[in-house]
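For reference, the structure discussed in these notes is given below.
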Amino acid sequence: MKKLIMSFQHLLAMFGATVLVPMLTGLDPAVAIFCAGIGTLIFHFCTENKVPVFLGSSFAFIPVIKAAIDAHGGDLAYAQGGIIVAGFVYVILSCLVKIIGAEKIKNYFPPQVTGAMIAVIGLNLIPTAFDMASHNFIIAAITLGVAICINLFAKGFLKQIGILISVIIGYTICYFTGLIDTSTITSASLFAIPNFTLPKFSLEAIVIIAPVVLAVFMEHIGDITTNGTVVGKNFLENPGLNKTLLGDGLATMVAGFLGGPANTTYGENTAVLAITKNYDPANLRRTAILAILLACIGKFGGFLQSIPQAVMGGISIMLFSMITFVGLKTIKDSKCVENKNNMIIIATILVIGLGTTYLGNKGISIGIPVTQSVKITGLSLAAIIGIVLNRLLNKNQFKNEKTKVSIKVSSANN
């Protein structure tokens, strides 16, 4: 029973964020939960059951999933195709890390690039949050206020389930004020297979979604490093960064094939590890099984569909603002802004990355020669240009890194 309780705590910690992503993008929340469970089991298999990590829905993919869906007249299947290819890019990165080493790969993703790209992800999502909140600003404000108070004043596990508590309070208020349509719950069967859907592929959706992997690559490294620090082990060495990337990539590919959002390692569950001091990876595998079973309860899926937009809008304002804060903090803590070249890189990424969201057709885009209809824009274009620009403006830094590597090799040989 104690082991089951430990796993249930992890289930609560991942729940709010995992269901929020599909609700914002139009994907099925029950499928997302199912894919989170399956993805976590795949990750543990790839990492030899050594890393106590849970995989849930990735916020970084929200704007590009929405863009891909809009580009195909609301057809979710094309977004699935893009997600599958994004997962395959992860697998390729895994192979590259295995062949040429993690350090050389990381040189292409410095803080001025990754920090700016993370900030762009958050800033691109904030208008969506306000749009949902506009359905009822009072309910959204109450939900947001509860979430902020829990985040500021709560401690321990209560703080980790702040999203869930806020949604429950907002939902309860809506229920007693007659703002909830319960027909989705009453009409749902007790047990039901999640609504799995097959993917479709288009070059446009792939170009929109796949490059986001470049933005979340360093986030993955940060999550695995943090998890290892909490546990007291170096998971980048054992089982290895290539294996954690492989697990993440395969989990994302499976999610795309089934109709779920891209997966990512969850800091929420790492926080539970830090609080409980129980680092047994088996707890996370039990959590994955619980998630799979929960996804097959039809009434639960009906409940998720009945949550008002205003409630999710209030929560989203805080979550998306926090994503922006993480990006800016990454830039600040690295002190990369002391270099004027880095300031140019950061500004370029922000302008290009936010152009499509805030300027629409006036935003910067690049057409692909093979087809007139496909354009690289928004976060995808910002990621590519940011990496290339950093390579050009900071080429001396790359030379210094090569020199350091060569010195280390010479010292080792001596």
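The values are calculated or read from the model by the stated rules, or taken from the named source; none is laboratory data. What you are looking at is a predicted structure, and each value in this text was computed from that prediction instead of being measured. Backbone-built Cβ (ideal geometry, glycine too); neighbour counts: all protein chains shown.
Odds and ends about this structure:
- Residues of the stretch 99-143 satisfying the condition of being at pLDDT 90 or above and touching a helix residue (DSSP H, G or I) at 6+ places or on another chain (Cβ under 6 Å): Ala133, His135, Asn136, Ile139, Ala140, Thr143
- The single residue among Ile150, Ile173 that is under 23 Å from Phe15 (Cβ atoms), among the aliphatic types (A, V, I, L, M) and in contact with a Lys or Arg (Cβ under 7 Å, 6 or more places away or on another chain) turns out to be Ile150.
- One residue stands out among those in the stretch 284-338 that are touching a Gly at 6+ places or on another chain (Cβ under 6 Å) and not β-branched (Val, Ile, Thr): the one that is nearest to Phe191 (Cα to Cα), which is Ala291.
- Test set (1) aliphatic (A, V, I, L, M); (2) out of contact with any strand residue (DSSP E or B) (no Cβ under 9 Å at 6 or more places or on another chain); (3) modelled with pLDDT of 90 or more - Ala32 fails condition number: (2)
- Subset of the stretch 36-62 (residues that are aliphatic (A, V, I, L, M) and farther than 24 Å from Ala210 by Cβ): Leu41, Val51
- Selection of helices (runs of 4 or more DSSP H) fully inside the stretch 44-163 by the criterion of at least 3 residues being out of contact with any strand residue (DSSP E or B) (no Cβ under 6 Å at 6 or more places or on another chain) and among the hydroxyl-bearing types (Ser, Thr, Tyr) returns 76-100.
- Selection status of Ala60, within 15 Å of the chain's Cα centre (by Cα) and of a type in the set (A, V, I, L, M): yes
- Single unsatisfied condition, Ala274 versus (1) more than 20 Å from Val19 (Cα to Cα); (2) buried (at least 17 other Cβ atoms within 10 Å of the Cβ); (3) among the aliphatic types (A, V, I, L, M): (2)
- Output for the stretch 163-198, where each listed residue is surrounded by 20 or more Cβ atoms within 10 Å (Cβ to Cβ), touching a Gly at 6+ places or on another chain (Cβ under 6 Å) and at pLDDT 90 or above: none
- Residues that are among the aliphatic types (A, V, I, L, M), more than 27 Å from Met312 (Cα to Cα) and touching a strand residue (DSSP E or B) at 6+ places or on another chain (Cβ under 8 Å) within the stretch 177-232 comprise Val207, Ile224, listed in sequence order.
- Scanning the stretch 322-336 for residues that are at pLDDT 85 or above and either of a type in the set (A, V, I, L, M, F, W, C) or closer than 24 Å to Cys174 by Cβ (or both), we see that the one that is surrounded by the fewest Cβ atoms within 10 Å (Cβ to Cβ) is Leu328.
- Residues of the stretch 97-112 classified as surrounded by fewer than 16 Cβ atoms within 10 Å (Cβ to Cβ) and basic (Lys, Arg), total: 2
- No other residue among Thr229, Thr264 is among the polar types (S, T, N, Q), surrounded by fewer than 20 Cβ atoms within 10 Å (Cβ to Cβ) and under 16 Å from Val51 (Cβ atoms) apart from Thr229.
- Any chance Thr172 is on the phi < 0 side of the Ramachandran plot and touching a residue at least 12 places away in the same chain (Cβ under 8 Å): no
- Qualifying position, being within 25 Å of Gln80 (Cβ to Cβ), touching a residue at least 24 places away in the same chain (Cβ under 8 Å) and over 25 Å from the mean Cα position of the chain (by Cα), among Ala192, Ala129: Ala192
- Unique residue being more than 30 Å from Ser187 (Cα to Cα), at pLDDT 90 or above, part of a helix (DSSP H, G or I) and of a type outside the set (Val, Ile, Thr) when the list is Asn361, Asn342: Asn342
- Scanning the stretch 199-212 for residues that are buried (at least 17 other Cβ atoms within 10 Å of the Cβ) and either at pLDDT 85 or above or of a type in the set (Gly, Ala, Ser) (or both) turns up Pro199, Ser202, Glu204, Ala205, Ile206, Val207, Ile208, Ile209, Ala210.
Residue by residue, here is whether (1) over 27 Å from Phe109 (Cβ atoms); (2) touching a helix residue (DSSP H, G or I) at 6+ places or on another chain (Cβ under 6 Å) holds:
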residue	(1), (2)
Ala210	no, yes
Val213	no, yes
Phe235	no, yes
Gly240	no, no
Lys243	no, yes
Arg285	yes, yes
Ala288	yes, yes
Ala291	yes, yes
